[in-house]
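*Asks:* Please see the structure below; I have some questions.
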Number of protein chains: 2
Amino acid sequence: MEVVPGSVGTNASFSLRLGQAIFSSASLFFMSMGIQFYSYTAFCYLVTIMGLAIPWSFTLAIVDGYSVFVKCPIRQQGILMIIIVGDWVLSVLILGAACSTASVVDVLLHSNGSYCPPRVCSRYQISAAMAFLSWFLTMSSSLFNLWLLPSL
Amino acid sequence: MEVVPGSVGTNASFSLRLGQAIFSSASLFFMSMGIQFYSYTAFCYLVTIMGLAIPWSFTLAIVDGYSVFVKCPIRQQGILMIIIVGDWVLSVLILGAACSTASVVDVLLHSNGSYCPPRVCSRYQISAAMAFLSWFLTMSSSLFNLWLLPSL
C-alpha cells in the first residue's frame with residue numbers, strides 16, 4: 001500500500017500537527033494578552049475555537065509521534081474518517097474565526113473613536129494571521145488524509 | 001456506473017446551482033440596496049465574491065439543465081476536477097465573506113455611535129445569512145462531486 005506524505009502516522013503529519021498546535025496557541029496567546037478580548041463576539045469566538053483546536057492538534061500530534069516511533073501507522077477506515085471529518089469541521093470553524101477577527105480589527109482600526117490603541121490592535125492582527133496559518137495547516141491535514149482514504 | 005445524486009448533470013445538482021445563484025443574488029441585493037456598503041472592507045469583499053459566485057453558479061446551472069435535458073451527464077475526470085476545485089475555492093471565499101460581514105454587523109450593532117440605523121443593519125444581517133446559505137449549497141455541490149470522482 002502506498003504511503004501518502006502528510007497522512008496520519010507519517011513524519012510530515014507529525015510536523016503539520018505540531019505546526020497547528022503552535023499557531024493555534026500563538027493565536028490564543030496574542031488574543032488573550034490584552035484583557036479586552038471579551039468585548040467583541042468575534043474575539044470570544046476565536047478564543048473558544050482555539051480552545052478546541054489546541055487539544056485536538058496536540059492529541060493527534062502525540063498519536064502521530066507514537067505511530068512514527070513504533071513504525072505502525074493507523075490504517076482503520078473508521079478512525080481515518082473521524083480524523084478527516086474532525087479536521088474539516090475544525091478548519092471551517094477556524095477560517096470563520098480568523099475572518100471575523102480580521103474584519104473586526106479592520107473596523108476598529110478605521111473607526112474614528114479611540115477603540116483600539118495601535119499596540120493592542122497589532123496584537124489582534126497577529127492573532128488573526130496565526131489563526132489563518134492554523135486554518136491552512138488543518139485543511140492540509142484533512143486533504144492529505146482524504147487522499148489516503150480510497151486506497152484503504 | 002452509479003449516479004451520485006447532486007453530482008454534475010443530475011436534477012439535484014440543477015436545484016443546488018439554482019439555489020446558489022438565488023441566495024448569492026439575494027445577498028448581493030440586500031448588501032448593495034444601502035449605498036453605504038463601500039465604507040467597510042468586509043462589505044466590499046462580500047460584494048466582490050458574490051460577483052464571482054453568481055456567474056459561476058448560473059453557468060453551471062445552465063450546464064446541468066442542458067445535461068438533464070439531453071440525458072447525457074458530463075463524465076470527464078478533468079472537467080469534474082475543475083468544477084470540484086472551483087466550488088471548493090468559492091465556498092472558502094464565500095464563508096470568509098459571510099463571517100466577516102456577520103462580525104462587522106455585530107460590531108456596528110453594539111457600538112455606541114449611530115453608525116448603523118436598525119433598518120440598514122437588518123439588511124446587512126439578511127445579506128450575511130444569505131451568504132451562509134450560499135456557502136452551504138456550494139460546499140454540498142463540491143462534496144457530492146468529490147464523492148463521484150473515484151468511480152470515474
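Every read-out reported here was derived from the displayed coordinates using simple, explicitly stated rules and does not represent laboratory data. From a predicted model like this one, the values you see are computed outputs, not experimental measurements. In this analysis, Cβ positions are derived from the backbone assuming ideal geometry, glycine residues included, and neighbour counts consider all displayed protein chains.
*Asks:* Can you give me the relative contact order of chain B as a percent, contacts being Cα pairs under 8 Å and 6 or more apart?
*Replies:* The value is 40 percent.
*Asks:* Step through the residues of the stretch B:79-94 one at a time and calculate ³J(HN,Hα) from phi using the Karplus curve (6.51 cos²θ - 1.76 cosθ + 1.60, θ = phi - 60°), rounding each to whole Hz and writing x for Gly and Pro.
*Replies:* Those phi angles translate into 4, 4, 4, 4, 5, 4, 5, x, 4, 5, 4, 4, 5, 5, 5, 5 Hz.
*Asks:* How would the protein assembly as shown be classified by its alpha-carbon gyration tensor: rounded, prolate or oblate, with rounded meaning a/c under 1.5 and the a/b versus b/c comparison settling the rest?
*Replies:* Oblate is the answer for the protein assembly as shown, as a/c is 1.5 or above yet b/c matches or exceeds a/b.
*Asks:* For the stretch B:46-62, just list the computed ³J(HN,Hα) in residue order, Karplus coefficients 6.51, -1.76 and 1.60, θ = phi - 60°, integers in Hz, with x standing in for Gly and Pro.
*Replies:* 4, 4, 4, 5, 5, x, 7, 6, 5, x, 4, 5, 5, 4, 5, 5, 5
*Asks:* I'm a student and want to see the number: the projected area of the Cα convex hull of the stretch B:11-149, averaged over all directions, in nm².
*Replies:* If you wrap the Cα atoms of the stretch B:11-149 in a convex hull and average its projections, you get 8.2 nm².
*Asks:* Taking the Cβ of each residue in A:64, A:106 as the centre, tally the other Cβ atoms inside 10 Å and list the residues starting with the fewest.
*Replies:* A:106, A:64
*Asks:* Which Cys in chain A stand alone, with every other cysteine's Cβ at 4.7 Å or more from theirs?
*Replies:* Those would be A:44, A:72, since no other cysteine Cβ in chain A comes under 4.7 Å of theirs.
*Asks:* Using 7 Å Cα-to-Cβ label points, what is the residue A:89/residue B:44 separation (nm, one decimal)?
*Replies:* Once both label points are built, they end up 3.7 nm from each other.
*Asks:* Follow-up. Place +1 on the Cβ of every Lys and Arg and -1 on the Cβ of every Asp and Glu in the protein assembly as shown, take the dipole about the Cα centre, and give the residue among A:46, A:33, B:144 whose Cα lies farthest towards its positive end.
*Replies:* Positive-end residue among those listed: A:33.
*Asks:* What is the fewest-to-most order of B:116, A:99 by other Cβ atoms lying within 10 Å of their Cβ?
*Replies:* B:116, A:99
*Asks:* In what sequence do B:101, A:41 fall when counting other Cβ within 10 Å, fewest first?
*Replies:* A:41, B:101
*Asks:* Mind computing the radius of gyration and Dmax over the alpha-carbon atoms of the stretch A:1-86? Å is fine for both.
*Replies:* 15.7, 52
*Asks:* Taking residue B:109 in one copy and the same position in all the others, each labelled 7 Å out along Cα→Cβ, what are the pairwise distances from the first, in nm, shortest first?
*Replies:* Ordered by increasing distance: 2.6 nm.
*Asks:* Can you tell me the 0 to 90 degree angle between the C-alpha axis of helix A:11-33 and the longest principal axis of chain A, rounded to 10?
*Replies:* Roughly 20 degrees, rounded to the nearest 10.
*Asks:* So which residue, out of A:19, A:78, A:51, gets the largest mean-square fluctuation from a GNM of chain A using Cα contacts under 10 Å as springs?
*Replies:* Among A:19, A:78, A:51, the largest GNM mean-square fluctuation belongs to A:78.
*Asks:* For the pair residue A:76 and residue B:70, how long in nm is the line joining their label points, each one 7 Å along Cα→Cβ?
*Replies:* Simple spin-label model gives 4.9 nm for this pair.
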